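Student: Got a structure for you, questions after.
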Amino acid sequence: MGETMHVRTRGIRTTVAALAALAALAGVTAAALPAAAATTPASDTPRFLEPAELPPHPASPWYAGPVTARQPDPLPVCVGDALPSIASHRSYWTEYDTNAQQITVVERSEQRAKDFAALLRKDLAGCAKKLMEQDPDITATQKNYGRLDVEEGAHVYGLHTASAWGSSDIGLFSVGRDGTTVTVVRWGQMGTFQHAQVSDFKATTVTAVNKLY
C-alpha cells in the first residue's frame, strides 16, 4: 500500500484551475481539435505516448494533440514551477472528464537529468501540503505509490483535492528518467482515490519511459 499523507492548512487558486482543468480540458480540447490530431509524427524524438497507451477509459477513446516544444499553459499542478523552457509536452483527453499530459525534458548531462528528476519528486512529495498552505478552501491528500524498475527508474504519486464548494479531483503523476531525458506523466479526472487507475497508470509510465529513445 502507498504512503498516505493528510495535511490540512491552506491551498492555491491554481490548484483548482490546474486539477479542475483536467475535467475542463476534456470538453474544451475535444471540441477544438479533430481526432486526426492524435497522430504523433514518427520523427519526434524522444517519442511520446500514443492515446491507446494511456489508462483505458470505460466509455471513450483517448485523443491527443501535437507534441509542442514549450512548457504547458497553464502549468500543471505540483511540477509546473520546475519545468524549464526546453520542455516539450503533449496533451490527451477523452470525451468525458478524464485527461492526461506528458512532459519531457532533455538535459545536457545525466547528472543534470538526475538532479532534475529528484527536484520533481521532491515537489510531488510536498505537493499536498503546499497546496493547502496557499488556499484555505482546499483539502489535499496524497499517496506515494513507489518506484518502478524501468530504465533509470520511475516514481508514481497520487493527489486528491477537494474544495469547500464541493469539487473533488484525483490525479496521478509519475517521474521517470532514461539517461539524459526526464519525463513526467499526469492523469486526472473528477473523483477520489477509489477512481484512480493506479495499475494502468503504472503500465503507462513504464511505456512512456521505455519510449524515450
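Student: Can you bin every Cα-Cα distance in region 106-213 into 5 Å intervals starting at zero and give me the percent of pairs per bin, rounded to whole numbers?
Tutor: 2, 13, 22, 21, 18, 11, 8, 4, 1, 0
Student: I'd like the accessible area for Glu152: 1.4 Å probe, protein heavy atoms, all chains in place, Å² to the nearest 10.
Tutor: 80 Å²
Student: Could you estimate the translational diffusion coefficient of region 46-149 from the Stokes-Einstein equation, with Rh from the Kirkwood formula over C-alpha pairs, at 25 °C and 0.890 mPa s, in whole µm²/s?
Tutor: The diffusion coefficient I find is 157 µm²/s.
Student: For region 45-104, build the convex hull from the C-alpha positions and give me its volume per residue in Å³.
Tutor: 90 Å³
Student: On to the next question. What's the local net charge at Pro58, with K and R +1, D and E -1, over the other residues with C-beta under 14 Å away?
Tutor: In short, -3.
The values are calculated or read from the model by the stated rules, or taken from the named source; none is laboratory data. These numbers come from a predicted model, not from an experiment. Don't worry about glycine lacking a Cβ; one is built from the backbone with ideal geometry, like all the others, and counts go over all protein chains shown. To get the accessible areas, we keep the full protein, side chains included, count just its heavy atoms, and leave off ligands, DNA and RNA. Shrake-Rupley method; radii C 1.70, N 1.55, O 1.52, S 1.80 Å.
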